[in-house]
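Take this structure first; my questions come after.
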Amino acid sequence: MALSRQHSMSRRGFCICCAVAAGFAATGGWLTPSQAFAEAKNIVDMIRDSAAKTPITIHKLRRNVSILEGSGGNIGVLSGADGKLFIDAGITASRPRILEAANKLSKEPIRYLINTHWHFDHTDGNAWLNAQGAAIIGHENTHKHLLEAQRVDDWDFNFPASPLAAVPTEIVSDESTLKLNGSTLHLKHYEPAHTDSDLSVTIAEADILHCGDTYWNGIYPFIDYSTGGNIDGMIKATEANIAAATDKTIIIPGHGSPVSNKMELTAYRDMLSTIRDNVAKLKQQGHTVDEAIAAKPTEAFDAKWGQFVITPAFFTRLVYHGV
């Protein structure tokens, strides 16, 4: 691998889906992440328990690129003689099924791992993949966040510092280019969006763009204000993703249906922008967050986007916090 630095769900994919689904079964209604945590006592253990049982689905794309769906975020895989490269690591409890699926793609070992950001459902598998021989690549803020304990307020959860084996050793500050398996991969840091550590990965020859959690296909996204995320950054990141894509580009979202395109991405941008403006207007008029929720600023989009973990009310709270 040559590394050069230019300075500068399906719906089951979301990391807390099992906790919220359990809450739905028990109460007859969707729970917010904080409510799910209160019900579960330990949301991370629930995630791990679910990941230990959830099947991994393989989606073969172009050339030697595939997606593994079913363990946290959607995992991109680039196969070839140089060894497999993973884009995101999923959840450790999925390890046997991830290895089984990866071996169906090719017999080469897993040699490289790119983290699109620091969140648990994208990095929990870092340590075991490193033990398999994978070098870990991530943004400098992913490196920083994994080295330290982190609290995600909207999940009501404190994550401990990760072991050194799980922390990226190849650090991206702005942009990097990798040459691997006959492909050119461009890594680019977004300004703070979902978090302050988000990277996109473009596989040039296959015309495939992995957006990480700046894009949630068909569901309202989570925005982590605890580590620098914000709604305006999400919109700006989506504009950058649209600009980087053509009508033929295969787009991989962090969560939601794993094979997407520019038309769906554009609809996502339009949804984010409209709801952002609706909520901002209510806040500027002096409405409290609860009053803004009662005004239903997401209503035109709820039938399509609001039927899963991030409910219309929860998404309105997230947007309200950032406008």
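The values are calculated or read from the model by the stated rules, or taken from the named source; none is laboratory data. On a predicted model such as this, the values are computed, not experimentally measured, just so you know. Reconstructed Cβ throughout: ideal geometry from the backbone, glycine too, with neighbour counts over all protein chains shown.
Does segment 63-96 hold any residues that are modelled with pLDDT of 95 or more, over 24 Å from Glu170 (Cβ atoms) and surrounded by fewer than 21 Cβ atoms within 10 Å (Cβ to Cβ), and which are they?
none
Of the conditions (1) over 27 Å from Met46 (Cβ atoms); (2) at pLDDT below 95; (3) of a type in the set (A, V, I, L, M), Leu105 clears all except one; give me its number.
Every condition holds for Leu105 apart from (2).
Does Thr274 fit the bill of being of a type outside the set (Gly, Ala, Ser) and surrounded by fewer than 24 Cβ atoms within 10 Å (Cβ to Cβ)? Break it down stepwise before answering.
Numbers: of a type outside the set (Gly, Ala, Ser): yes; surrounded by fewer than 24 Cβ atoms within 10 Å (Cβ to Cβ): yes.
When the stated conditions are applied, Thr274 passes them.
Follow-up. If I ask for residues that are touching a Phe, Trp or Tyr at 6+ places or on another chain (Cβ under 6 Å) and more than 20 Å from Leu85 (Cβ to Cβ), which ones from segment 135-156 would you list? Talk me through it step by step, then tell me what you get.
If we filter segment 135-156 for residues that are touching a Phe, Trp or Tyr at 6+ places or on another chain (Cβ under 6 Å), which is where we start, we get 135, 142, 145-146, 150, 156.
Those that are touching a Phe, Trp or Tyr at 6+ places or on another chain (Cβ under 6 Å) and more than 20 Å from Leu85 (Cβ to Cβ): His145, Gln150, Asp156.
Working only within segment 203-218, note down all residues that are under 17 Å from Ile250 (Cβ atoms) and buried (at least 20 other Cβ atoms within 10 Å of the Cβ).
Residues satisfying the conditions are Ile203, Ile208, Leu209, His210, Cys211, Gly212, Thr214, Tyr215, Trp216, Asn217.
Residues to consider are Lys104, Lys144; find the one that is out of contact with any helix residue (DSSP H, G or I) (no Cβ under 8 Å at 6 or more places or on another chain), of a type outside the set (Ser, Thr, Tyr) and over 19 Å from Leu164 (Cα atoms).
Numbers: Lys144 fails: over 19 Å from Leu164 (Cα atoms).
After ruling out the rest, the residue left standing is Lys104.
What is the residue count in segment 146-193 for residues that are assigned to a loop (DSSP other than H, G, I, E, B), crowded, with 18+ Cβ neighbours inside 10 Å and within 20 Å of the chain's Cα centre (by Cα)? Let's see the steps before the verdict.
Step one: of segment 146-193, the residues assigned to a loop (DSSP other than H, G, I, E, B) are 148-149, 156, 160-163, 167-169, 173-174, 181-182, 190-193.
Then drop every residue that is not crowded, with 18+ Cβ neighbours inside 10 Å, which leaves 162, 167-168, 181, 190, 192-193.
Still in the running and within 20 Å of the chain's Cα centre (by Cα): 162, 167-168, 190, 192-193.
The qualifying residues number 6.
Residues Thr227, Thr249: which one is closer than 20 Å to Gly76 by Cβ, buried (at least 18 other Cβ atoms within 10 Å of the Cβ), at pLDDT 95 or above and polar (S, T, N, Q)?
Details: Thr227 fails: closer than 20 Å to Gly76 by Cβ.
Matching residue, one of Thr227, Thr249: Thr249.
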